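Engineer: Submitted below is the structure of interest, expressed as structure tokens.
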Amino acid sequence: MLNQLINEIIPIQLTKKIMFSIICLTVIPMMIMAVVMPIGIIKIGKKEQEKMLYAVVDRLDDSLTQSYSEILDSHGASSKDINEQVKVLNSVLQPILNEVYDSTLDVGIGYYSIELDHIVAIAPNFEPSKLIRVNHEQYPYFTIYNSGKPEFGEFNNSFGWNGKPILYYAKPIYHNGKIIGHVWANIKTDDIYNKALHDTVLVISIWLCIIGLVLAIAYKISKNLHLEMKRFAKAFVSDENLPTSFMPEFIPIFDKIKEHSANLKKANLLLHNEIEERKNIEEKLKDSEETFRNIFDNSVDGIFLAKPEGKILAANPAICQMLGMSEEEICRLGSSGVVSIQESDLYQILKERRRNLPIRCELNLIHKDGLKIPVEATSKIYKNSKGEELICIFVRDISQRLQTQQEMARLDRLNLIGQMAAGIGHEVRNPMTTVRGFLQMLSTKEACAQYKEYYLLMIDELDRANSIITQFLSLARSTPLDLQFHNLNQIIDDLYPLLQANALNSNNNVIVEKFPIPEIEINKNEIHQLILNLVSNGLDAMGEGGQVTIRIFTDNKDLILAIKDEGSGIAPEVLERIGTPFLTTKEHGTGLGLATCYSIAERNNAKIEVASSTSGTTFFVKFKIG
């Protein structure tokens, strides 16, 4: 930055550089002198004025041959009031001051009586109105009454000079070892500064005349040198010979430059041809790189560029978004950090196959949060311009496809079980109804009273079996019985007393967080059953003192019912098969509760998602809005 600024200020031409240097060598000292000289003159002036003030004060002190009290006694004024005493003293001392002032000029002088605390004589411009008492704190003269010594200094608000700044010298007046007043002398500092300005202007004017003469001579020399240099440049450019009148010092240089110029022209021609050829190659390479970069940056599929040992050199925006990382993070982790450990040695897979064909396989990538992302990868080994082997990998997220396949498989299982339930449900219920009726009748007979407890137990078990069959049959329904518009908040309010009662039985709690939501088209009874099942599962998953949280809110185009417990979570191997009929982790569970919930969700145009960790499990039931 500094070099650039210097280059802009200093001219490039040699003659102008010389002229610029001469100007700097003359003007800069003058500028320094213009600053330093007034300071020196002012210091010298102050020193001279200080000596002069000393002399004036000593003269005034010597002129006072009597003390103030002796003067008053000699005039019989000792008993008069202060104003009369001041007038008497002034009549004696003012002539002394006037005589001293006439010999010094432009020096303010005066006598002060501390006993009367008044000015008793002052010059120049004496007026009786100036014989006044002075505020001790306002003027610096009065510090001498504490120190007992003369004092020299500067003051910005003078009394005798109409408030102008001054240099002053004050000396105490002693009589019989006691200070009876003081005498002072001062001078305006403006006089010193004006003299310094006058002397500086005079010196600078002389210096400017000298500089002007020097610059005129330098300009004449520079102009002649400039003309000679132009003749040299013209002869060099036009391949002419230098005239004999030209400076002889330049002729050998001119001949050598001519020789080098001819060689340089030949080299320039060869270099020009080579540059043109390289430009064509670079343009083609640039077009190729831009095409690749556009494909790399805008591809919807993720793209890796890696070395065989696993170091990742580049990652496109699609793969960065897929893994939730920046390109720098992916390159820093390498293939072992973003590819599941079982599949990280992709290079060995490629080496064992034909290298001239792309290899397609499925593997798992690792998200920044640690989740595995199943992808379909297409890879190929190739060599770059340096002969180094590199791997280019295209990956496509197949999570949705696998999820769809799993959902289809689950629906197939539900459909199969539903068909079986529809076929055998009624056949099983009919005999059970008959058995239950006879057991109920026998329980009322007096002859069988001793077995009544057993009859009631058998009736309860038949009712339990009938409930299981009811759940089993619900898997066979393909559509809801009755779809109407309802508000989930109202449904939760209706169920809350029952939910809270169930929670209190196990010393747990249920809380509800509701937000404004629209009505959706659902089957109210089936949604009742879904909520009861999910809350019941949450309560069963916790020990005492736990809490189930029900949240109802909207997210984009979904209305979400979230039911969260504080249990220990669901094992990964169970989570993969969640919703499968007869899958249960409860000691007395049937494995039909969650399967029924999934079936109900499907019939009500909803889907269920599960998030589980060691701190609890959340079921998200997502209904489409509109």
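The values are calculated or read from the model by the stated rules, or taken from the named source; none is laboratory data. Note that the coordinates shown come from a computational prediction; the quantities given were computed from them, not determined experimentally. Cβ atoms come from the backbone with ideal geometry, glycine included; neighbour counts cover every protein chain shown.
The rows are residues; the columns are (1) assigned to a strand (DSSP E or B); (2) of a type outside the set (S, T, N, Q); (3) in contact with a helix residue (DSSP H, G or I) (Cβ under 8 Å, 6 or more places away or on another chain).
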position	(1), (2), (3)
P497	no, yes, no
N525	no, no, no
M542	no, yes, no
R551	yes, yes, no
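Engineer: Across the range 508-526, what is the number of residues that are at pLDDT 90 or above and out of contact with any strand residue (DSSP E or B) (no Cβ under 6 Å at 6 or more places or on another chain)?
Structural biologist: 3
Engineer: Right, here's the next one. For the range 383-404, give me each residue that is farther than 16 Å from V338 by Cβ and in contact (Cβ under 8 Å) with a residue 12 or more places away in the chain.
Structural biologist: Those that are farther than 16 Å from V338 by Cβ and in contact (Cβ under 8 Å) with a residue 12 or more places away in the chain: E388, E389, L390, I398, L402.
Engineer: Can you find a residue that is under 30 Å from E327 (Cβ atoms), of a type in the set (D, E) and at pLDDT 80 or above anywhere in the range 279-294?
Structural biologist: yes
Let's see how each residue does on (1) at pLDDT 85 or above; (2) of a type in the set (A, V, I, L, M, F, W, C); (3) outside the structural domain of S506 (by TED's automatic domain parsing):
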| residue | (1), (2), (3) |
| --- | --- |
| L539 | yes, yes, no |
| G546 | yes, no, no |
| L559 | yes, yes, no |
| K564 | yes, no, no |
| A571 | no, yes, no |
| E587 | no, no, no |
| F619 | yes, yes, no |
| F623 | yes, yes, no |
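Engineer: Now, a different point. Considering the range 62-121 alone, what residues qualify as being closer than 22 Å to Y141 by Cα and touching an Asp or Glu at 6+ places or on another chain (Cβ under 7 Å)?
Structural biologist: Across the range 62-121, the qualifying residues are Y68, D106.
Engineer: Residue under question is D81, and the condition is that it be among the acidic types (D, E) and farther than 27 Å from K164 by Cβ; does it hold?
Structural biologist: Here the answer is yes, as D81 does meet what is asked.
Engineer: If E521 satisfies every condition in (1) more than 18 Å from K624 (Cβ to Cβ); (2) not in a helix (DSSP H, G or I) but one, which is the exception?
Structural biologist: Answer for E521: the failing condition is (1).
Engineer: On the given criteria, is A233 over 24 Å from Q400 (Cα atoms), modelled with pLDDT under 70 and under 58 Å from the mean Cα position of the chain (by Cα)?
Structural biologist: Yes; evaluated as a whole, the condition is true for this residue.
Engineer: Please state which one of N508, N533 is touching a residue at least 60 places away in the same chain (Cβ under 8 Å) and closer than 18 Å to F619 by Cβ.
Structural biologist: The match here is N533.
Engineer: Which fully enclosed helices (runs of 4 or more DSSP H) of the range 52-168 have 3 or more residues being in contact with a Phe, Trp or Tyr (Cβ under 8 Å, 6 or more places away or on another chain) and either exposed (fewer than 15 other Cβ atoms within 10 Å of the Cβ) or at pLDDT 85 or above (or both)?
Structural biologist: Per the criteria, 82-104.
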